[in-house]
Amino acid sequence: RKEVEQDPGPFNVPEGATVAFNCTYSNSASQSFFWYRQDCRKEPKLLMSVYSSGNEDGRFTAQLNRASQYISLLIRDSKLSDSATYLCVVGGGYQKVTFGTGTKLQVIP
Amino acid sequence: DTGVSQNPRHKITKRGQNVTFRCDPISEHNRLYWYRQTLGQGPEFLTYFQNEAQLEKSRLLSDRFSAERPKGSFSTLEIQRTEQGDSAMYLCASSGRTDGSPLHFGNGTRLTVT
């Protein structure tokens, strides 16, 4: 089993739609969780950290389920500019930081 | 610019040659990571430093790969006797002293081995 697993997609959604991505992780001792966004041929950029109680940043909501070992990202009112690959990231602290393979999102006009 | 800096941006080399990449992290960050990324894949962990200590090294990092961070500031990644399979984007990231601090990436070095 991979340490961090994501559905690679692509997810093709119309503008204005709501889309959700899940990510599962294998190490129950993981402490830190993040979502990164990566545009084609660019470096990953931090989208948001994921906190145990769940957190929201504008149209983006992230949640953590420790019991089931998954994190999720919800994007509301999708914009064309949201088209990118979304990387789930697990680890931090004294642990190595592991990336999922990414979920590709294409928002269609 | 106080972000993570990587040099060179692009490197084309012939198979069998040695290459060295440099990463300058954000100055107050004590943790530094190297990743490799190929098209359609997420970044794969290579190695991780806390200050000058190399705390973890992936099994992906064969004996042809070596990384150093001699003074706990910049880091170098050397690949000896390059192979075509080494062609990839090599990403460096740094993070702060607080556990759980997110990683900040440089622009990467794109290596092409011909």
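Below are the figures for this structure:
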read-out: Matching residues in the range A:47-57 - criterion: being of a type in the set (Ser, Thr, Tyr) and within 13 Å of chain B (Cβ to nearest Cβ); value: A:49, A:51, A:52
read-out: Residue in the range A:56-67 that is touching a Cys at 6+ places or on another chain (Cβ under 9 Å), at pLDDT 95 or above and closer than 22 Å to residue B:45 by Cβ present; value: no
read-out: Residue that is surrounded by the most Cβ atoms within 10 Å (Cβ to Cβ), among those in the range B:2-42 that are out of contact with any Leu (no Cβ under 6 Å at 6 or more places or on another chain) and within 15 Å of residue B:80 (Cβ to Cβ); value: B:19
read-out: Flag if residue B:86 is surrounded by 13 or more Cβ atoms within 10 Å (Cβ to Cβ), under 14 Å from the mean Cα position of the chain (by Cα) and more than 30 Å from residue A:10 (Cβ to Cβ); value: no
read-out: Count - residues of the range A:52-69 that are exposed (fewer than 15 other Cβ atoms within 10 Å of the Cβ) and more than 18 Å from residue A:24 (Cβ to Cβ); value: 6
read-out: Residue count for the range B:39-69, restricted to those that are at the interface with chain A (Cβ under 10 Å from one of its Cβ atoms), part of a loop (DSSP other than H, G, I, E, B) and either basic (Lys, Arg) or in contact with a strand residue (DSSP E or B) (Cβ under 6 Å, 6 or more places away or on another chain) (or both); value: 3
read-out: Search result, residues across the range A:88-109 that are part of a strand (DSSP E or B) and under 15 Å from the mean Cα position of the chain (by Cα); value: A:88, A:89, A:90, A:91, A:98, A:99, A:103, A:104, A:105, A:106
read-out: Positions within the range A:20-46 being surrounded by 14 or more Cβ atoms within 10 Å (Cβ to Cβ), in contact with a Lys or Arg (Cβ under 8 Å, 6 or more places away or on another chain) and more than 10 Å from chain B (Cβ to nearest Cβ), in sequence order; value: A:37
read-out: Candidates B:76, B:112, B:82 - the one that is farther than 26 Å from residue A:5 by Cβ, outside any helix (DSSP H, G or I) and within 14 Å of another protein chain (Cβ to nearest Cβ); value: B:112
read-out: Set A:77, A:82, A:7: member being over 17 Å from residue B:101 (Cα atoms) and at pLDDT below 95; value: A:7
read-out: Per-region count, the range A:1-19, residues within 11 Å of chain B (Cβ to nearest Cβ) and of a type in the set (D, E, K, R); value: 3
read-out: Test result for residue B:100, on the phi > 0 side of the Ramachandran plot, modelled with pLDDT of 95 or more and within 7 Å of chain A (Cβ to nearest Cβ); value: no
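The values are calculated or read from the model by the stated rules, or taken from the named source; none is laboratory data. None of these values were measured; they are calculated from a predicted model. Every residue, glycine among them, receives a Cβ derived from its backbone with ideal geometry; neighbour counts consider all protein chains shown.
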